[in-house]
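I have placed the structure first, in the form of structure tokens, so that the comments after it can refer back to it.
Any read-out appearing in this document is the output of simple, stated calculations on the displayed coordinates, not a laboratory observation. Bear in mind that the values here come from a model prediction, so they are computed numbers and not experimental data. All Cβ positions, even for glycine, are placed from backbone atoms using ideal geometry, and neighbour counts span all protein chains on display.
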Amino acid sequence: MSEITKRNLYDAGLRIRREVLGDEYVDRVLALKDEFSADVQDYLTTHAWGATWARRGADGELTLPKKTRSIMNLAMLAAMNRPHELEIHLRGAINNGVTKREMLEIFLHVATYAGAPALVDAIRLARKVWAAHAGGAEPQ
């Protein structure tokens, strides 16, 4: 990959990463870069966010809406039992317009294919993130 292409993907990825996860989160994560995480953050921003989330068709539009990608992420992360990433992407899904009811349906669907423990853990994290989003106390 040429350096200019990589830079373009990084810039596009950083823009969409900020749109989905918010400036505060992205600034905090990028400020923590060290010898271990600098290359990881560059990789994630360039490839996950730039080459995937920011993909555009010939018409210049995103190939999948951000809400659709958020729905896919919630299902995959819940099924894989990745609570740290799920919590981050729950916040992003709210930013992308995914409703509480849609989250419930996503996680019920996950239970059918990945089991009840995945459902229970996903709902627990969703309740926590929605409570924080609403400024309420986090459920225990």
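When Arg91 is tested against (1) closer than 24 Å to Gly135 by Cα; (2) among the basic types (Lys, Arg); (3) exposed (fewer than 15 other Cβ atoms within 10 Å of the Cβ), exactly one condition is not met: (3).
Taken together, the residues in segment 1-18 that are small (Gly, Ala, Ser) and over 11 Å from Ala51 (Cα atoms) amount to 1.
Evaluated against (1) under 12 Å from the mean Cα position of the chain (by Cα); (2) surrounded by 15 or more Cβ atoms within 10 Å (Cβ to Cβ); (3) of a type in the set (Val, Ile, Thr); (4) over 19 Å from Tyr25 (Cα atoms), Thr68 falls short on exactly one condition, (2).
Within segment 1-60, the set of residues being farther than 22 Å from Arg91 by Cα and aliphatic (A, V, I, L, M) comprises Met1, Ile4, Leu9, Ala38, Ala58.
Given segment 1-90, what helices (runs of 4 or more DSSP H) lie entirely inside it while holding 1 or more residues that are of a type in the set (Phe, Trp, Tyr)? Working first, answer last.
Details: elements: 3-21, 23-31, 37-43, 66-79.
Counting at least 1 such residues, we get 3-21, 23-31, 37-43.
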